[in-house]
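Worksheet: one structure, shown below.
The numbers here are math on the coordinates, done by the rules we state, and not lab data. Values in this document were obtained by computation on a predicted structure and should not be read as measured data. Glycine also receives a Cβ, built like all others from the backbone with ideal geometry; neighbour counts cover every protein chain displayed.
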Amino acid sequence: MKVLVLNGPNLGRLGTREPAVYGATTHADLVALCEETGRELGVEVEVRQTDFEGEMLGWLHGAADEGTPVVLNAGAWTHYSIAVRDACAQLTAPLVEVHISNVHKREEFRHHSVLSAVADGVIVGLGVQGYALALRWICRDSVAAGS
Ligand code: DQA
């Protein structure tokens with residue numbers, strides 16, 4: 001099995017971006033964490049990041065066509081992009097929405113996600129460990145089955 005971890009705008013700047021909010025972990029560290037978790041779970045994990053909405057839509061369309069599970073942190077698109085939501089709605093395999101920060105403790109405009117209604121689950125505020133938890137949930141059956 002392959003799992004895609006897709007990160008949206010500004011997440012490539014983790015580590016230098018508002019460290020008080022997002023922590024010191026860089027995007028490269030996040031890639032390493034996800035790949036290491038994938039190795040532990042026996043699944044291939046591919047992490048991508050883009051600041052371009054059309055590129056994200058293309059990745060989601062590919063995941064829909066291939067039946068690939070997705071862990072998605074859509075960054076600010078979470079709060080307003082109906083296009084990203086419509087692409088997520090086409091996915092057939094599990095989708096977990098992840099946010100590093102606890103968006104509910106932050107500004108009002110971050111409290112609503114247009115994606116959550118089309119996600120299987122949401123992990124918020126647990127830092128980059130949220131990605132590892134999302135991967136573990138997605139892979140729970142294949143690990144239990146030993147495949
Ligand atoms: C974020 C929260 C969003 O509100 C913000 O725009 C981001 C990151 C998070 O991971 O906490 O870019 O998705």
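Tabulated data
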quantity: Of L126, L11, L30, the one that fluctuates the most in a GNM where the chain has Cα springs shorter than 10 Å; calculated: L126
quantity: Residues whose placed amide H lies under 5 Å from that of G125, excluding near-sequence neighbours; calculated: H99, I100, S101, N102, V103
quantity: Rounded if a/c under 1.5, otherwise prolate or oblate - the chain, Cα gyration tensor axes; calculated: oblate
quantity: Listed residue (V5, H27, T16) projecting farthest to the positive dipole end of the range 5-147, Cβ model; calculated: T16
quantity: Three-way shape call for the range 67-144 based on the alpha-carbon gyration tensor, with the a/c threshold at 1.5; calculated: oblate
quantity: Beta bridge orientation in the chain: antiparallel %, DSSP, nearest 5; calculated: 0
quantity: Built amide H within the under 5 Å cut-off of V47, gap 5+; calculated: V5
quantity: Least to most buried among L60, L33 (fewest other Cβ within 10 Å first); calculated: L33, L60
quantity: Calculated [θ] (222 nm, deg cm²/dmol) that DSSP helices of n ≥ 4 give over the chain, each run adding -39,500 (n - 2.57); calculated: -10500 deg cm²/dmol
